[in-house]
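Step one of this worksheet: look at the structure below.
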Amino acid sequence: QVQLMESGGGLVQAGGSLRLSCAASGNIFRIDTMGWYRQAPGKQRELVAAITPGGTTNYADSVKGRFTISRDNAVNTVYLQMNNLKPEDTAVYYCNAWAAPRQTLRYLETWGQGTLVTISS
């Protein structure tokens with residue numbers, strides 16, 4: 001199976017920056033789209049940004065111009081550079097990937113455990 005491990009969360013002041021990383025591991029055949037979702041207290045999980053293997057990106061309107069998603073296909077890792085952070089960005093951020101393990105060659109939606117991002121005003 002494929003596992004996702006996030007890192008880089010923490011506490012920063014408004015206007016600051018953070019960089020999240022998510023590395024996929026396991027018996028990987030191929031990974032398709034990778035992305036980041038977030039869930040704030042009392043709210044539904046929402047898409048933040050996604051990126052295809054070829055580099056096509058998609059962003060939530062609320063983060064356009066502030067967040068940048070990128071990936072390194074050689075090491076099966078996706079990144080989220082977050083600048084000009086706002087208190088409303090406070091949430092648990094989850095890595096997401098459509099990954100196919102070698103055992104099955106079938107793409108499955110895979111989630112990381114999440115990393116907490118807290119922005120103080």
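The values are calculated or read from the model by the stated rules, or taken from the named source; none is laboratory data. Treat the numbers as computed from the prediction; the structure is a model and nothing was measured. For neighbour counting, all protein chains shown are included, and Cβ atoms are generated from backbone atoms with ideal geometry for every residue, glycine included. Heads up: the accessible areas ignore ligands, DNA and RNA and are worked out on the full protein's heavy atoms, side chains in. Shrake-Rupley method; radii C 1.70, N 1.55, O 1.52, S 1.80 Å.
Of the listed requirements (1) at pLDDT 95 or above; (2) outside any strand (DSSP E or B); (3) open to solvent by 30 Å² or more (accessible area, probe 1.4 Å), Arg19 misses just one: (2). Restricted to the range 57-91, and to residues that are part of a strand (DSSP E or B) and touching a Pro at 6+ places or on another chain (Cβ under 9 Å), which residue is least open to solvent (accessible area, probe 1.4 Å)? Restricting to residues being part of a strand (DSSP E or B) and touching a Pro at 6+ places or on another chain (Cβ under 9 Å), the top hit is Ala91.
Give Asp89, Asp61 a once-over and let me know the one that is without any contact (Cβ under 8 Å) to a residue 60 or more places away in the chain and within 16 Å of Thr118 (Cβ to Cβ).
Values: Asp61 fails: within 16 Å of Thr118 (Cβ to Cβ).
Result: Asp89 is the single residue among Asp89, Asp61 that is without any contact (Cβ under 8 Å) to a residue 60 or more places away in the chain and within 16 Å of Thr118 (Cβ to Cβ).
For the range 104-121, a tally of residues being open to solvent by 40 Å² or more (accessible area, probe 1.4 Å), under 28 Å from Gly54 (Cβ atoms) and touching a residue at least 12 places away in the same chain (Cβ under 8 Å) returns 6. Can you tell me how many residues in the range 75-112 are more than 15 Å from Gly35 (Cβ to Cβ) and not charged (D, E, K, R)? Total satisfying the criteria: 11. Taking the range 1-16 as the range and being more than 20 Å from Arg71 (Cβ to Cβ), open to solvent by less than 30 Å² (accessible area, probe 1.4 Å) and either of a type in the set (A, V, I, L, M, F, W, C) or touching a strand residue (DSSP E or B) at 6+ places or on another chain (Cβ under 6 Å) (or both) as the test, only Val12 passes. Would you pick out the residues in the range 31-56 that are more than 10 Å from the chain's Cα centre (by Cα) and surrounded by 15 or more Cβ atoms within 10 Å (Cβ to Cβ)? Listed by number, the residues that qualify are Ile31, Thr33, Arg45. Return the only residue of Ile51, Ile28 being hydrophobic (A, V, I, L, M, F, W, C), at pLDDT below 95 and touching a strand residue (DSSP E or B) at 6+ places or on another chain (Cβ under 6 Å). Every option except Ile28 fails the conditions.
Within the range 92-103, the set of residues being open to solvent by less than 10 Å² (accessible area, probe 1.4 Å) and under 18 Å from Pro53 (Cα atoms) comprises Cys95, Asn96, Ala97, Ala99, Ala100, Pro101.
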